[in-house]
Amino acid sequence: MFDSGFGGLTVARATIDLVPSEHLVYIGDTGRYPYGSKPLEDVRSYARELAWSLVKEYDAKAIVVACNTATAAGLDELREEIPVPLVDVIAPGANALVHATTTGRVGVIGTVGTISSGAYVHAIAETGAPVKLASAACPGFVEFVERGQTTGDEVTVLAERLLAPLRSAGVDTLLLGCTHYPFLARTIAAVMGPDVTLVSSADETAFAVRDRLAHDGLLRRDASIGEHRFASSGDVDAFRALGRRLLGPELDATETWDPTRS
């Protein structure tokens, strides 16, 4: 599993809880985050490096792209060349969103890269659900999470400004289209109000992982608890300290991941 930083830990947490016997390797590319403001071509290159590293260095049997921006950058070529199943976060999130709405007015928030790519517009259209979609980019959210600042006046003021168009659109369901955003869920929920349901793709992605592994005959049937390894391309001590707060006790050590090795 890989992400630009800490956001994918929401997917890791859900996956560990759902399939506890699976071994999990998580790489947070904190040395190059955030991805959201970078050219999609660069993000595609990063995703390729990370995916091949997981295959070659960690012997991964499946890969989870726990990053909406990397998924939105386009994974078709990567799916064709990587020799193991690849699961992304956009399709599960889109399906969960259209099933949760009662009015048909839905919203999605994400990084500039994710929203401008139109990936969620396409994924929601693919569901065939008769919904009206409003979307908004939320620059600054990822940086707050990466600093460990998930509540407070600064976060609230930014959220009020960025989420105003979605409140005006009258959405009843809002998809957190970035794996970092669930860490800001309390603030986002307060700004959107009690009548708006927040949807995170983390749980749905974990279900997709389980189902794909089962379908391909790769699911571990061992009753023992899987081993978990965490790596960072940035400051490993900072990653371990904040990551443990966000994920839990499973993140008890962090190793260095060097993109030049991949």
| note | Checking THR187, THR151, THR179 in turn, the sole residue that is within 15 Å of the chain's Cα centre (by Cα) and either free of Cβ contacts under 8 Å to residues at least 40 places away in the same chain or in a loop (DSSP other than H, G, I, E, B) (or both) turns out to be THR179
| request: Please enumerate the residues belonging to the stretch 117-138 that are under 16 Å from the mean Cα position of the chain (by Cα) and exposed (fewer than 14 other Cβ atoms within 10 Å of the Cβ). | output: none
| request: Kindly provide the set of residues from the stretch 232-262 that are assigned to a strand (DSSP E or B) and farther than 21 Å from PRO182 by Cα, ordered by number. | output: GLU255, THR256
| task | Tell me, please, whether a residue that is of a type in the set (Val, Ile, Thr), exposed (fewer than 14 other Cβ atoms within 10 Å of the Cβ) and within 26 Å of SER4 (Cα to Cα) can be found in the stretch 143-159. | result | yes
| note | Residue set VAL171, VAL199; condition crowded, with 18+ Cβ neighbours inside 10 Å and more than 26 Å from ASP29 (Cβ to Cβ); output residue VAL171
| query | Among the residues of the stretch 105-134, which ones are in a loop (DSSP other than H, G, I, E, B), under 21 Å from MET192 (Cα atoms) and modelled with pLDDT under 95? | reply | THR111
| task | Output the residue which, of all residues in the stretch 58-69 that are at pLDDT 95 or above and not β-branched (Val, Ile, Thr), is surrounded by the most Cβ atoms within 10 Å (Cβ to Cβ). | result | ALA66
| Which residues, counting only those in the stretch 201-233, are touching a Phe, Trp or Tyr at 6+ places or on another chain (Cβ under 8 Å) and either at pLDDT below 95 or more than 30 Å from ILE109 (Cβ to Cβ) (or both)? | ARG229
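Filter the stretch 49-73 for residues that are over 18 Å from VAL11 (Cα atoms) and free of Cβ contacts under 8 Å to residues at least 40 places away in the same chain and give the result. Steps first, answer last, please.
First, the residues of the stretch 49-73 that are over 18 Å from VAL11 (Cα atoms): 49, 52-53, 55-59, 73.
If the condition is that a residue be over 18 Å from VAL11 (Cα atoms) and free of Cβ contacts under 8 Å to residues at least 40 places away in the same chain, then VAL55, ASP59 are the ones that fit.
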| task | Scan the stretch 23-40 for residues that are touching a residue at least 12 places away in the same chain (Cβ under 8 Å) and within 21 Å of ALA137 (Cβ to Cβ) and jot them down. | result | ASP29, ARG32, TYR33, PRO34, TYR35, GLY36, SER37, LYS38, LEU40
| helices (runs of 4 or more DSSP H) fully within the stretch 17-104 counting 2 or more residues that are under 13 Å from the mean Cα position of the chain (by Cα) and of a type in the set (Ser, Thr, Tyr) | 68-72
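Here is a check on your reading of the model: is GLY217 surrounded by 14 or more Cβ atoms within 10 Å (Cβ to Cβ), assigned to a loop (DSSP other than H, G, I, E, B) and not assigned by TED's automatic domain parsing to the domain that holds ALA137? Even if it seems obvious, please write down each step before you answer.
Working: surrounded by 14 or more Cβ atoms within 10 Å (Cβ to Cβ): no; assigned to a loop (DSSP other than H, G, I, E, B): yes; not assigned by TED's automatic domain parsing to the domain that holds ALA137: yes.
No.
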| field | Residue identified as crowded, with 19+ Cβ neighbours inside 10 Å, within 25 Å of LEU242 (Cβ to Cβ) and charged (D, E, K, R) among ASP29, ASP42 | value | ASP29
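The values are calculated or read from the model by the stated rules, or taken from the named source; none is laboratory data. Keep in mind it's a predicted model, so treat the numbers as computed, not measured. Cβ sites come from the backbone with ideal geometry, for glycine too, and all protein chains shown count toward neighbours.
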